[in-house]
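Presented below is the structure to which this report refers.
The values are calculated or read from the model by the stated rules, or taken from the named source; none is laboratory data. What you see is a predicted model, and the numbers here were worked out from it, not measured in a lab. Here the Cβ positions follow ideal geometry from the backbone for every residue, glycine too, while neighbour counts run over all protein chains shown. For the accessible areas, the whole protein counts, side chains as well, though only heavy atoms, and no ligand, DNA or RNA atoms are used. Shrake-Rupley method; radii C 1.70, N 1.55, O 1.52, S 1.80 Å.
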Amino acid sequence: MPKLSDVIAVLEEIYPPQWAESWDAVGLVCGDPDAEVGRVLFAVDPVQAVVDEAVEWGADLLVTHHPLYLRGTTTVAATGFKGRVVHTLIKHDIALHVAHTNADHADPGVSDALAEAVGLKVTGPLVADPTDPAGRRGSGRIGELPQPMTLSAFAARVAAGLPATAAGVRAAGDPEQQVRRVAVCGGSGDSFLAEARKAGVDAYLTADLRHHPASEATEAAPVALVDAAHWATEWPWLTLAARELTGRATDRGWPLETRVSTRVTDPWTAHAPMPYTP
Ligand SMILES: [Zn+2]
């Protein structure tokens, strides 16, 4: 049975912490480096429902994409929900490790998993990482569909390829316009709207798009936008990460069990479609 420090070393080999943005908070949040690890649960959000699932399954390590604490804190008292999460984890000997923007920037990373889930063949990063001489790592990905399709058909393909959420999938642009080359960015990707435009893609798939950036982007260039739930765009990465860890654990002869949480932790829980024709 490997120790937590051994498993973390492998996770940091796959997603080196130095690949994270300077503002990020990746790595071990709680856990004893000498504790034995047999079961690893992967999830997007370190929220109570996920931690409860880790307890029920008997996980020794929870790996999440989102940090529990992105900024400093002065208390982990269980009077707050984050403190409650820390207490539950420590009480049940469960470690928490975060792979966030270091997993975004990896090859393959979060956006590769998103591209694959919606049937795109990745051709390269949307924004290449200047520290990668091979030019394969970076933020977002550009990919191609096997054949052109309308924007509304592509939106339907995204909806079918991602786990279901109440928010569903929205698209901006002419529903009949043809889409073949697509940029994707798992999570909040509005900071890369200009790069998607510069890349000359037909559409850009991401999450959390707001009115003004979306309106300005579609006015400035014929780039269609496809917006899915933040959680849904990052969830496909969990299977990829679990597969990478399992592969390396097998190479080392570790009897490691991995599981991907299917609990929907997207905060939006209801959606009321309106009768509308553009
Ligand atoms: Zn995210």
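General remarks:
- Residue within the stretch 204-214 that is closer than 22 Å to Thr277 by Cβ, touching a residue at least 24 places away in the same chain (Cβ under 8 Å) and β-branched (Val, Ile, Thr) present: no
Condition check ((1) more than 16 Å from the ligand (Cβ to nearest atom); (2) touching a strand residue (DSSP E or B) at 6+ places or on another chain (Cβ under 6 Å)) across all residues:
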residue	(1), (2)
Val179	yes, yes
Asp190	no, no
Leu193	yes, no
Arg210	no, no
Ala221	yes, no
Ala224	yes, yes
Trp231	no, no
Thr246	yes, yes
Asp251	yes, no
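- Ala95 being open to solvent by 30 Å² or more (accessible area, probe 1.4 Å) and either closer than 25 Å to Arg243 by Cβ or within 14 Å of the ligand (Cβ to nearest atom) (or both): no
- Residue that is nearest to Pro175 (Cα to Cα), among those in the stretch 136-160 that are assigned to a helix (DSSP H, G or I) and open to solvent by less than 30 Å² (accessible area, probe 1.4 Å): Leu151
- Filter result (under 17 Å from the mean Cα position of the chain (by Cα) and either small (Gly, Ala, Ser) or under 14 Å from Gly109 (Cβ atoms) (or both)) within the stretch 25-41: Ala25, Val26, Gly27
- In the stretch 214-262, the qualifying residues are those that are open to solvent by 30 Å² or more (accessible area, probe 1.4 Å) and within 13 Å of the chain's Cα centre (by Cα), and the one that is nearest to Ser152 (Cα to Cα) is His230.
- Filtered by the rule that a residue be more than 16 Å from the ligand (Cβ to nearest atom), in a loop (DSSP other than H, G, I, E, B) and surrounded by fewer than 17 Cβ atoms within 10 Å (Cβ to Cβ), the stretch 50-70 gives a lone residue, Gly58.
- Count of the stretch 12-49 residues which are open to solvent by less than 40 Å² (accessible area, probe 1.4 Å), assigned to a loop (DSSP other than H, G, I, E, B), within 16 Å of the ligand (Cβ to nearest atom) and touching a residue at least 60 places away in the same chain (Cβ under 8 Å): 6
- Each residue in the stretch 71-83 was checked for being open to solvent by 60 Å² or more (accessible area, probe 1.4 Å) and more than 21 Å from the chain's Cα centre (by Cα), and 7 pass.
- Extreme residue, farthest from the ligand (Cβ to nearest atom), among residues of the stretch 98-126 that are surrounded by 22 or more Cβ atoms within 10 Å (Cβ to Cβ) and assigned to a strand (DSSP E or B): Pro125
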